[in-house]
Amino acid sequence: MTPHATPAGTETRPPLAMHLSKIIVAPDSFKETLPAVEVADAIAAGVRRACQSIMVDQCPVADGGEGTMHALTRARGGELRSVRVTGAMWNHV
């Protein structure tokens with residue numbers, strides 16, 4: 001990386017964003033506030049606003065708790081469906 005001279009004669013380096021071409025955003029949820037999918041969307045929007053040339057790859061993660069279903073559905077390109085099912089004793093659950 002080549003340093004740049006400033007008018008005062010001191011050297012500075014170009015901003016880090018000038019050297020980045022891709023950022024991976026892989027957040028977990030913000031418990032009881034935002035699911036991981038929405039956290040990833042917000043971070044990605046901020047990165048794109050700051051530097052439009054950087055490609056942002058969103059990969060929300062989950063630890064098996066809240067948000068896991070949404071993270072998996074988004075990662076696999078699925079859709080959520082509600083269905084009525086019965087348990088082992090034929091009662092609706």
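The values are calculated or read from the model by the stated rules, or taken from the named source; none is laboratory data. If you're wondering where the values come from, they're calculated on a predicted model, not measured in any experiment. We place every Cβ from the backbone using ideal geometry, glycine too, and count neighbours over all the protein chains shown. For accessibility, only protein heavy atoms count, side chains too; no ligands or nucleic acids. Shrake-Rupley method; radii C 1.70, N 1.55, O 1.52, S 1.80 Å.
Every condition in (1) of a type in the set (S, T, N, Q); (2) modelled with pLDDT under 75; (3) open to solvent by 60 Å² or more (accessible area, probe 1.4 Å) holds for THR6 except the one numbered (3).
Within segment 57-87, being surrounded by 10 or more Cβ atoms within 10 Å (Cβ to Cβ) and assigned to a loop (DSSP other than H, G, I, E, B) holds for CYS59, PRO60, VAL61, ALA62, ASP63, GLU66, GLY67, GLY78. When segment 56-93 is filtered for residues that are without any contact (Cβ under 8 Å) to a residue 24 or more places away in the chain and within 30 Å of LEU20 (Cβ to Cβ), the ones remaining, listed by number, are THR68, LEU72, THR73, ALA75, ARG76, GLY77.
Among the residues making up segment 22-55, a single one is open to solvent by less than 40 Å² (accessible area, probe 1.4 Å), touching a residue at least 24 places away in the same chain (Cβ under 8 Å) and out of contact with any helix residue (DSSP H, G or I) (no Cβ under 8 Å at 6 or more places or on another chain): VAL47.
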